[in-house]
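Right, one structure below, let's go through it.
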Amino acid sequence: MEPSVRNEAVCRVVGRRLRLMRRNLDLTQAQVAKRCDMSFQQIQKYEAGQVDISVGTLVDLANALGVSIAELVSDLPARRPENGAATGPRASSHDDLAWLERSRYAP
């Protein structure tokens, strides 16, 4: 699924972080893809920010890279309405991310 205009920047940032972390571990896209049970072409699309990444896929990618989800999504820009005022919690709410991290180990 192609990202909506408002999500494009987020997809690009997360994709750059994925690529940087993968390269720092000296892993190929094919190696990460195998760990996540997907094609290397899909990893290419995520790294290029061309497609939205589901929460489940973020968990798989974080596990494959040995990082937390928070490292992939922390400090992303909050969505702002047309008047420029921030609304709701930031996308990187640490409480929400901590819950998500704990939930992946739940039975």
Please go through region 48-64 and pick out each residue that is closer than 17 Å to LEU27 by Cβ, of a type outside the set (Gly, Ala, Ser) and crowded, with 21+ Cβ neighbours inside 10 Å.
LEU61
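I need a count of the residues in region 8-25 that are over 20 Å from SER68 (Cβ atoms) and either buried (at least 16 other Cβ atoms within 10 Å of the Cβ) or over 10 Å from the mean Cα position of the chain (by Cα) (or both).
Pass one, region 8-25, residues over 20 Å from SER68 (Cβ atoms): 8-9, 12.
Restricting the remaining residues to those that are either buried (at least 16 other Cβ atoms within 10 Å of the Cβ) or over 10 Å from the mean Cα position of the chain (by Cα) (or both) gives 8-9.
Selection size over region 8-25: 2.
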What are the residues in region 5-32 that are out of contact with any Leu (no Cβ under 8 Å at 6 or more places or on another chain) and within 17 Å of LEU72 (Cα to Cα), if any?
ASN7, GLU8, ALA9, CYS11, ARG12, GLY15, ARG16, ARG19, LEU20, ARG23, ASN24, GLN29
Would you say SER39 is modelled with pLDDT of 95 or more and either surrounded by 13 or more Cβ atoms within 10 Å (Cβ to Cβ) or not acidic (Asp, Glu) (or both)?
yes
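The values are calculated or read from the model by the stated rules, or taken from the named source; none is laboratory data. All values derive from a computational prediction rather than experimental measurement. Note: ideal-geometry Cβ built from the backbone for every residue, glycine included; neighbour counts use all protein chains shown.
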